[in-house]
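Encoded as structure tokens, here's the structure I'll be asking about.
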Amino acid sequence: MTENGEHSPVHRSREAPGKGGSKVKTSSVDPKSCKNHNEALKLTAKKAEGEISPYQPRPPSLPRLSKSSKSVSVEETVRARRLRNSQESLSDPVETGSSTDSLKEDQTAPGGLAPIRADQDSDARLLSAVTTGPPVFRDRGSSLSEYERRPHSQQRDPTDHRAGPTKLRLSPVQPTGTLPALEKSFTSTTWGGAANRIDRDCLDYTVLAREKLGERLHRNLSDSRLLENMGSDSTSVNSMRSTYSVLSPIRPQDVRNRSFLEGSMMGSGALLGAEELDRHFPDRRMGVYVATWNMQGEKGLPTNLDDLLLPTDSEFAQDFYIIGVQEGCPDKKEWETRLQETLGPYYVMLYAASHGVLYLTVFIRRDLIWFCSEVEHATVTTRIISQIKTKGAVGIALTFFGTSFLFITSHFTSGDAKVYERVLDYNKIIEALALPKGLPDTNPYRSTASDVTTRFDQVFWCGDFNFRLCKDRVDVEAIMNRTVGGDMGPLLEHDQLSKEMKDGSIFKGFQEAPIHFLPTYKFDIGCDIYDTTSKQRTPSYTDRILFRSRQADDIKVVKYTSCSSIKTSDHRPVVSVFQVKLRPGRDNIPLGAGQFDRDVYLEGIRRRITRELKRREAMKNQSSSSSSSSICTIS
């Protein structure tokens, strides 16, 4: 009985004796329904014998439980099932099973009804659903009308009988209030999946990289390829920004098992490995800028060091800046600050070492400090009295990715005829320079205990070597006047260092780029005239930059010249630019952890800002004065 007092099509049930004395539940219907029932059975029997075509019932004006599945398409049915599953999970916390479980019905009805096989006729299944009703609503006469009044998407398919254990299924509990409406920006075009599902191409960078045989993916969140297949809702975009980035994800198990005592060169994710190296240096070559200068101990520094470190004829700045100074200014901190001011915020002072008035400073690009090891230094004095630190050498050692570097600046014995003493200085330095200390040797089989330069992959040695030209000054000046196009070959024929290197007595295994600049020693301060004092010293190539590599062609010379614009000393600075081969490393070296001299950095940047503000103020005053002078009065 319904609320209006009318009889529903199925209003009560009764028990009838079945075969073998068992009782079978049947639904009580009116005579008209029984007549329709008999006719339907006859049609089904005739259809099974093949006498008539399959019965196609006409859908009624109102949706009914027995025929609703005939009036909807398969696609809409699937959509309705998935929507119903999602709504049931919202309304009934107990129903947390999968969509397949939510559609299952009992294999055997409580009254002993046999399950309907999937290969049976659909008309018979519809008829059985009408006569018996689903197990959920049996003995619930008042709830069926409410069930039929629900939207079709919330009704359970009564024809879907799956094999499963016998259990009592309760009707879903309806929410007390209305469910919130779905926004158009969140729903997708079909109900085939979640609206904020991310396309599989965006799920895992590392998996895709392995599937594409190592193809590197340079993508970021602004790449349209990552967002073109995503839902238009903001949830997906925020999820991408918070979960994925250009950094490779690290799994907790990898962190647990990773042993940094034995770094792997080919391991993916190694900080110093091939992946990171190729990311920062695709051609595996970096730029090294080396400068050497004998400052003659002058207190007054040049007003601008741009010509020394940032020449205008260079297209790009380099990755490393190595500055070696002999007879440096008394204030070493001031010198380092001036270098930082010149290089600006793109660079940081990685390390600085000194030996008396010998200064050696290493600057590196700020974004490369993470791939550098701890830095070590050592000093050697070549004076008989060790307290006098005007002659000797300073060495700095480090490992960058998998390539070890050694930078040396030195000042050898002066004097035109003291070639032998200079050779002795060289031999003492390579034997006494105690490097490396804690850094591992990248190739110990090619190292020797008597020569520090053999224990590193790349070696750069700069300084005032004090080797002279064995020729009278008049002859040297005559040769310089005859040189055309920078060909200094006639002068270098008299160079002491070139001769000793050919004989193999000094700088074994080192090379020097061709020289196409004039001698850098000795000038009158502030001008381009060679020594006019009573000594009349012969112009010479005392300031040099040499290099050595374990592997042939690892170092390529880009530039080798002198800086003629800096004239505060009797020496001209000499600079050289190199392209150096890098190799992937192992994660078993002591890393520098991004350390640099913060005080020098802050002071250098402060000075740079102050200088820029003063320049702008001067330009503003100049423009205002020029505009005021252009105004004339008419009397």
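The values are calculated or read from the model by the stated rules, or taken from the named source; none is laboratory data. No experiment lies behind these values; they were computed from the predicted model shown. Note that each Cβ is placed from the backbone with ideal geometry, even for glycine, and that neighbours are counted across all protein chains shown. Quick note on the areas: whole protein, heavy atoms, side chains included, nothing else; ligands and nucleic acids left out. Shrake-Rupley method; radii C 1.70, N 1.55, O 1.52, S 1.80 Å.
With r as the distance between the Cβ atoms of S624 and E477 and R0 = 60 Å, compute the FRET efficiency 1/(1 + (r/R0)^6) and round to 0.05.
The calculated FRET efficiency here is 0.70.
Give me the net charge of A397's neighbourhood, meaning all other residues with Cβ under 9 Å from the Cβ of A397; Lys, Arg count +1, Asp, Glu -1.
Taking every Cβ under 9 Å from that of A397, the sum is +1.
Another one. Hey, what did segment 348-440 get for relative contact order, percent, Cα under 8 Å, at least 6 apart?
26 percent
Here's another thing I want to ask about it. Please provide three numbers in whole Å: the alpha-carbon extents of segment 386-439 along the principal axes, with the largest listed first.
Cα extents, longest axis first: 43, 22, 15 Å.
What length, rounded to one decimal in nm, is gained on full extension from Q511 through to D278, with 0.36 nm per residue of separation minus their alpha-carbon distance?
Extra length from Q511 to D278 when fully extended: 81.1 nm.
Which percent of the accessible heavy-atom area of segment 267-382 goes to carbon and sulfur, probe 1.4 angstrom?
47 percent
Where only protein heavy atoms count, and the probe is 1.4 Å, what is the accessible area per residue for segment 303-415 in Å²?
Counting only protein heavy atoms, the per-residue value for segment 303-415 is 35 Å².
Still on this model: At a Förster radius of 60 Å, what calculated FRET efficiency corresponds to the Cβ-Cβ distance of K567 and D254, to the nearest 0.05?
Rounded to the nearest 0.05, the efficiency is 0.55.
So for segment 504-587, averaging the separation of alpha carbon pairs under 8 Å that are six or more residues apart and normalising by length, what relative contact order in percent results?
32 percent
Something else now. If you take the Cα Rg of segment 440-550 and divide it by 2.2 N^0.38 Å, with N the number of residues, what do you get?
1.29
Hey, another quick one. In whole Hz, what ³J(HN,Hα) sequence does segment 447-460 give by Karplus (6.51, -1.76, 1.60; θ = phi - 60°), x for Gly and Pro?
Along segment 447-460, the couplings run 9, 10, 6, 8, 9, 5, 6, 7, 9, 9, 6, 10, 10, 10 Hz.
Also: Would you please give the residues with an amide H less than 5 Å from that of G463, counting only those at least 5 places away or on a separate chain, with H modeled from the backbone geometry?
S410, R544
So between T312 and V484, what do we pick up on full extension, going 0.36 nm a residue minus the alpha carbon distance?
59.5 nm
Leaving out ligands, DNA and RNA, what percent of the accessible area of segment 538-635 is carbon and sulfur, probe 1.4 Å?
Of the solvent-accessible surface of segment 538-635, carbon and sulfur hold 52 percent.
Using heavy-atom solvent-accessible surface (probe 1.4 Å) with all chains present, what is the largest-first order of R548, R606, R598?
R598, R606, R548
While we're here: State the dimensionless ratio Rg/Rh of segment 514-635 (Rg: radius of gyration of Cα atoms; Rh: Kirkwood radius).
Rounded to two decimals, Rg over Rh is 1.19.
I'd like the accessible area for Y347, computed on protein heavy atoms only with a 1.4 Å probe and all protein chains in place. Round to 10 Å², please.
20 Å²
Which value results when the Cα radius of gyration for segment 299-427 is divided by 2.2 N^0.38 Å?
It is 1.15.
Defining a contact as two alpha carbons under 8 Å apart and six or more residues distant in sequence, what relative contact order in percent does segment 403-482 show?
Once divided by the residue count of segment 403-482, the mean separation gives 45 percent.
Can you sort K499, K332 by 1.4 Å-probe accessible area, starting with the largest?
K499, K332
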